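Trainee: Below is one structure. I have some questions about it.
The values are calculated or read from the model by the stated rules, or taken from the named source; none is laboratory data. Every value quoted in this text rests on a predicted model; they were computed, and no experiment measured them. Positions of Cβ are generated from backbone atoms using ideal geometry, with glycine treated the same way; all protein chains shown enter the neighbour counts. Heads up: the accessible areas ignore ligands, DNA and RNA and are worked out on the full protein's heavy atoms, side chains in. Shrake-Rupley method; radii C 1.70, N 1.55, O 1.52, S 1.80 Å.
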Amino acid sequence: MTESTTTRNATPTLDQERRDLLSSLAHARHFLRFTARDLTTEHASQRTTVSNLTIGGLIKHVTEVERGWADFLVVGADYMEKDFTEWTEEDFAERDKDFQLQPGETLEGALRAYDEVAARTDELVRTLPSLDVVHELPKAPWNIEDAWSVRRALLHIVAETTQHAGHADIIRESLDGSKSMG
């Protein structure tokens, strides 16, 4: 039995690939969360560029994206909208609310939700029987492939988080001069 095989109870061992995925997820999440350090909900909701993006909104968005992809890891696209190519302007306007803290939402609540989603994803990385399972993707203008493996979806979560951590870093630097690095 090698380190990458599963034990008798079908729980996979934490091989190097899974450790690397967990480390990459933790690294990306750290830098996104770090952009929100010492901010109030008001500051985390403030736009500092021509974009509508805010630090709180990015954290909320990344949380929802990771939640959705975590579901995908388990059941595939069955939980998702089946065809995003038919979305209307109203559908996209509704989706834009995912990028902003709405009335009654707080930065603290967004960070707490992010921690909960991250814990679930990490548990899936540790316990899913195989990263090789492939699920069909929903039809969407941003999907250039037809299907992704569990592994590929996890890499997407890392990429999405890292990309938005960079956005948040720019917003934070514009807000008060603070930088995540340097």
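Trainee: Sorting check: for 32-44, 84-96, 61-73, which peptide has the highest mean count of neighbouring beta carbons within 10 Å, and how do the rest follow?
Mentor: 61-73, 32-44, 84-96
Trainee: List the aspartates and glutamates whose Cα sits under 12 Å from the Cα of LYS97, skipping any in the same chain fewer than 8 residues away.
Mentor: Leaving aside aspartates and glutamates fewer than 8 places away in the same chain, those within reach of LYS97 are GLU64, GLU105.
Trainee: Still on this structure, please answer the following. Largest first, what is the accessible-area ranking of THR162, THR13 with a 1.4 Å probe?
Mentor: THR162, THR13
Trainee: Right, next: Could you state the accessible area per residue of the chain in Å², with a 1.4 Å probe and every protein chain left in place?
Mentor: 56
Trainee: Determine the relative contact order of segment 43-145: mean sequence separation of Cα pairs under 8 Å and six or more apart, normalised by residue count, in whole percent.
Mentor: The normalised contact order for segment 43-145 reaches 41 percent.
Trainee: Rounded to the nearest percent, how much of the accessible area of segment 29-107 (1.4 Å probe, protein heavy atoms only) is carbon and sulfur?
Mentor: On segment 29-107, the fraction of accessible area on carbon and sulfur atoms equals 50 percent.
Trainee: Okay, next question. With a ≥ b ≥ c the root eigenvalues of the C-alpha gyration tensor of segment 11-75, is it rounded (a/c under 1.5), prolate (a/b larger than b/c) or oblate?
Mentor: Prolate, since a/c reaches 1.5 and a/b exceeds b/c.
Trainee: May I pose another question? Working from Cα positions, state the angle (0 to 90°, nearest 10) between the long axis of helix 55-75 and the longest principal axis of the chain.
Mentor: 20
Trainee: Once ligands and nucleic acids are excluded and a 1.4 Å probe is used, how much of SER174 is accessible, expressed in Å² to the nearest 10?
Mentor: 70
Trainee: Also, quick follow-up: Kindly provide log₁₀ I(q)/I(0) values, in the same order as q = 0.09, 0.20, 0.22 Å⁻¹, from the Debye equation applied to equal alpha-carbon scatterers of segment 70-182.
Mentor: Normalising to I(0) and taking log10 leaves -0.33, -1.32, -1.37.
Trainee: I need the phi-derived Karplus couplings for segment 164-170: 6.51 cos²θ - 1.76 cosθ + 1.60, θ = phi - 60°, integer Hz, Gly and Pro marked x.
Mentor: These are the phi-based 3J(HN,Hα) values: 6, 5, x, 4, 4, 5, 5 Hz.
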